[in-house]
Amino acid sequence: METKVTKIINNPFEYFFRMMYLCYRLFHAPIYKILLKNFGEKSFIHPLASIRNHKYVSIGNNVIINRNVNIWVSKLILGNNIQINPNTCIYGNIIIRNDVMIAPSFYDSRGKSWN
């Protein structure tokens, strides 16, 4: 059985990027708790996602916002257990309730409520 030191020596880049990911997860949550109206536990916003009007955005628990997601809203409420997949654009007043997965490359500017 390999030890951790042997694994790190054999593949240092994997562990470097794992540590970078963990550091991002550790330090991004307090920043988003300050910027956003509400930021739930175990939520994650990819560094390449774009969110405008932070003070009008409320994010529930277990929300994942993937890369290249544009959220430029006048008001956004995300419930719990939501996944927004890559290349999604959301504009306007949007309410997305619990247990929703938004498909990749989705576009919405109508200002609706999604269940």
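The values are calculated or read from the model by the stated rules, or taken from the named source; none is laboratory data. Note that the structure is predicted; figures quoted are calculated from it, not measured. Note that we place each Cβ from the backbone using ideal geometry, even for glycine, and neighbour counts take in every protein chain shown.
Which of the residues that make up the stretch 23-43 are basic (Lys, Arg) and over 16 Å from Asn80 (Cβ atoms)? Walk me through it before giving the result.
The initial filter retains those residues of the stretch 23-43 that are basic (Lys, Arg), namely 25, 33, 37, 42.
Residues satisfying the conditions are Arg25, Lys33.
Mind listing just one residue for me: the one in the stretch 44-64 that is assigned to a loop (DSSP other than H, G, I, E, B) and more than 10 Å from the chain's Cα centre (by Cα) and, of those, farthest from Asn80 (Cα to Cα)? Don't jump to the end; show me each part of the working.
From the stretch 44-64, those assigned to a loop (DSSP other than H, G, I, E, B) are 46-49, 53, 60-62; that's our starting set.
This time we only want the ones that are more than 10 Å from the chain's Cα centre (by Cα), so: 53, 60-61.
Working: Asn53: 20, Gly60: 5, Asn61: 5 Å.
So the residue we want is Asn53.
Any idea how many residues of the stretch 19-43 are in a helix (DSSP H, G or I) and exposed (fewer than 11 other Cβ atoms within 10 Å of the Cβ)? First the steps, then the outcome.
Residues of the stretch 19-43 that are in a helix (DSSP H, G or I), as a first pass: 19-35.
The next check asks that each one be exposed (fewer than 11 other Cβ atoms within 10 Å of the Cβ); those that pass are 19-23, 26-27, 30, 34.
Adding up the residues that qualify gives 9.
Regarding Pro47, is this residue within 29 Å of Leu22 (Cβ to Cβ) and modelled with pLDDT under 90?
Details: within 29 Å of Leu22 (Cβ to Cβ): yes; modelled with pLDDT under 90: yes.
Judged against the criteria, Pro47 is a match.
What's the total number of residues in the stretch 65-107 that are touching a Pro at 6+ places or on another chain (Cβ under 9 Å) and at positive phi?
Taking the stretch 65-107 and keeping what is touching a Pro at 6+ places or on another chain (Cβ under 9 Å), we get 66-69, 85-88, 104-105.
Then drop every residue that is not at positive phi, which leaves 68, 87, 105.
Result for the stretch 65-107: 3.
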